[in-house]
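K.L.:
What follows is a structure written as structure tokens; I'll ask about it next.
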Amino acid sequence: MNFRDLGLTAPILKALTMEGYTDPTPIQRKAIPLALAGRDVLGCAQTGTGKTCAFATPILQRLGGRVPKPRVIRALILTPTRELAIQIQDSFVSYGRNLPLRSAVIFGGVGQQPQVDAIRKGLDILVATPGRLLDLHGQGLLDLSHIEIFVLDEADRMLDMGFIHDVKRVLKLLPERKQTLFFSATMPPEVMGLVNGLLHDYARVAVDPVSSPVEVIRQSLYYVDKSNKTKLLAHLMEERHITSALVFSRTKHGANRIAQDLVKRGISAAAIHGNKSQTARVQALSDFKAGRVRVLAATDIAARGIDIDQLPFVFNYNLPDVPETYVHRIGRTGRAGHEGEAISFCQFDEKDELKAIEKLLGKPIPVVENHPFPMENFDPPQKDKRGRPINSEDAEARAAAKERRRQRDAENKAKAEERKKAAAQAVLAPVPTTPVPAEETDAPNKKKRRRKKGGGGQTVQTGAPAVEAMAPVKEEPLVSRDKPIGRGIRQGRLEDTLPDDPAMPVTDFYKPNPLDSDVIMDATARLLAPRRPTPRPEIQVQNQQKSQAQKKQEKAQKPAQPKPRRQGKKQGAPAPAAKEPVLPPSLSGKRKRRRDDRPRPIEAPPRSDRQKDSTQHKSLMRPYYLHDDD
């Protein structure tokens, strides 16, 4: 059977031929026809069996027949690691090179703007890790309402890495009607619970017994002490002329130490793990694939994300806690039907992990006895307070992390002390003085005038020698002793503290202090002083509102008085008598009281315009408004 028999179209077949694919693998022969028919598929197969092609080619064929405008995301592939996401994206690009479909990959650890730009241009297929997918969707930059096909790859690895809750959150964002392709190397109960809630009328595809390694991989075991593992690794690399090897470490600290020790022995090596930046991880992986680095030391995070064609050797520097992880590790070699070899190192306190692995495999791993670094330490492993064995590799990693934290805290403390010392020196440092310009020093007899208060002037000598001009200026008190000290806030004039700048406006800043006792007493006395009586305001208003006709009528009713003779201005002539003010009837006392008159409440006479109360102003800090002569 070939790929043409599976029902794939000509553009995809042409791309597969260019990639060198001739015969489909068992998982591809069983999964591709079911996926093309639109059914949900549960694929149980270990890594390296061609799962990516098994779900990528059906997605490309189903979506390639029509391209909506505008483009919307119609297929989503969710993966646990960044490396695996990049690998799947590369496969989509290779298989769909002859189709008008667009695909992109998003993951954390890098800037999101390039990924957002790719999404805004329009996509058909999106490959993503759970964290960055939820992040972009929470920002409103991602629309998952048009998903037609959903792929969950390495579901058991999602569970191991703690992504199962993120996966459930992603499932709530997808439409109910969709095709689901579910792939996992192992099927623990937690994964089966997710399968039962996600898949409907699915077809189960299993090509090998669950968690069984590929038969073409040769396995071997070396018993060696922890202190001699690096020596044995370097010995095997040189003796067997290994040009490319992937070494798995239990911890991130161990991966860094392996790479450093190999470099010291003249073997090019690089480390890749979760603490590395995405740029460093991509660079290390590309160098390893290109052959510039012979050894790539990695943690289990890379067990599912590294796909290297014809990788000959995989080393288990430390045996994993979980037996299934051993299968994922050795599955990096022997891919696509090629041969490979997996070599494992076992120290005395790792025999329990070895028994669990051999129980999962169903057979023991062949042991190599003759090697230059046999095991010599048979001390039982140390145990914690609860009686559990303490792994020496984990203890070393925790001690290294504690030492790094101690060094980091010491560095931060030293930096804080330096900043505090610099701040103290800045406070105690003298104020820099401005040197006298050269043109002033050249003319010692030249005088400079500056304005004083009231427009006066003062002559100031500026002809000091250059040496004396550079000396620090002695600070003078704010108030000069030869000037009278007045009462006020500053006890002197603010003008005395201003620089000798002729452009500075001359202003008297002196004001009386409103909190002085005599000022307060004067203001209180003026407030309590009796006021002169003034006409009632309503009478003044009535007089102003009288019309011209009423005024003429009142003038006509008055008796005509003889016009006084005009008298010349003779010396000793009496001056004309002043007219008496005419009071209104209400104040003249001649008005008779009527029956309907009622006593009215006595109102306080209003203050005159020139007598102002301090409460009538916005600020009480301006007592000079209370003076009657202002």
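K.L.:
What distance in nm separates the two pseudo spin-label positions at Asn370 and Met192, each 7 Å out from Cα along the beta-carbon direction?
P.N.:
For the pair Asn370/Met192, the computed spacing is 4.7 nm.
K.L.:
For the ranges 340-350, 410-420, 367-377, what's the packing order if you count other beta-carbon atoms within 10 Å of each residue, average per peptide, and put the highest first?
P.N.:
340-350, 367-377, 410-420
K.L.:
Multiply the residue separation of Gln139 and Glu238 by 0.36 nm, subtract the distance between their alpha-carbon atoms, and state the gained length in nm to one decimal.
P.N.:
30.4 nm
K.L.:
Another question, then. Give the Kirkwood hydrodynamic radius (Å, one decimal) of the stretch 12-102, defined as one over the mean of 1/r across all pairs of different Cα atoms.
P.N.:
Averaging 1/r across every pair of different Cα atoms and inverting gives 14.0 Å.
K.L.:
Given R₀ = 56 Å, what would the calculated FRET efficiency be for Arg526 paired with Arg405, taking r from the Cβ atoms and rounding to 0.05?
P.N.:
After rounding, the FRET efficiency stands at 0.15.
K.L.:
Given the whole protein assembly as supplied and a 1.4 Å probe, what does the accessible area of His200 come to in Å², nearest 10?
P.N.:
Here the accessible area works out near 120 Å².
K.L.:
Using the Cβ atoms and a cut-off under 15 Å, what net charge is assigned to the surroundings of Leu428, where Lys and Arg are +1 and Asp and Glu are -1?
P.N.:
Details: positive: Lys420, Lys421; negative: none.
Neighbourhood net charge equals +2.
K.L.:
Turning to a different aspect of this structure: Volume per residue, Å³, of the convex hull around the alpha-carbon atoms of the stretch 1-48?
P.N.:
Per residue, the Cα convex hull of the stretch 1-48 comes to 80 Å³.
K.L.:
Now, a different point. First select every other residue whose beta carbon is under 14 angstrom from the beta carbon of Pro11; then total the charges, Lys and Arg +1, Asp and Glu -1.
P.N.:
Charge balance in the 14 Å sphere: +3.
K.L.:
Kindly rank 264-271, 29-36 from highest to lowest mean number of other beta carbons found within 10 Å of each residue.
P.N.:
Highest-to-lowest ranking by the protection proxy: 29-36, 264-271.
K.L.:
Additional query: Under the 0.36 nm per residue contour assumption, what length would be gained going from the current alpha-carbon distance of Ala414 and Ala280 to full extension?
P.N.:
45.3 nm
K.L.:
What ranking do 147-157, 274-284 get when scored by the average of other Cβ atoms within 10 Å per residue, highest first? Can you show the working numbers first?
P.N.:
Values: 147-157: 23.0, 274-284: 16.3.
The peptides rank, most packed first, as 147-157, 274-284.
The values are calculated or read from the model by the stated rules, or taken from the named source; none is laboratory data. Small disclaimer: the values here were computed from a predicted structure and weren't measured. Heads up, the Cβs are rebuilt from the backbone with ideal geometry, glycines too, and the neighbour counts pull from every protein chain shown. What goes into the accessible areas is simple: the full protein's heavy atoms, side chains included, and nothing from ligands, DNA or RNA. Shrake-Rupley method; radii C 1.70, N 1.55, O 1.52, S 1.80 Å.
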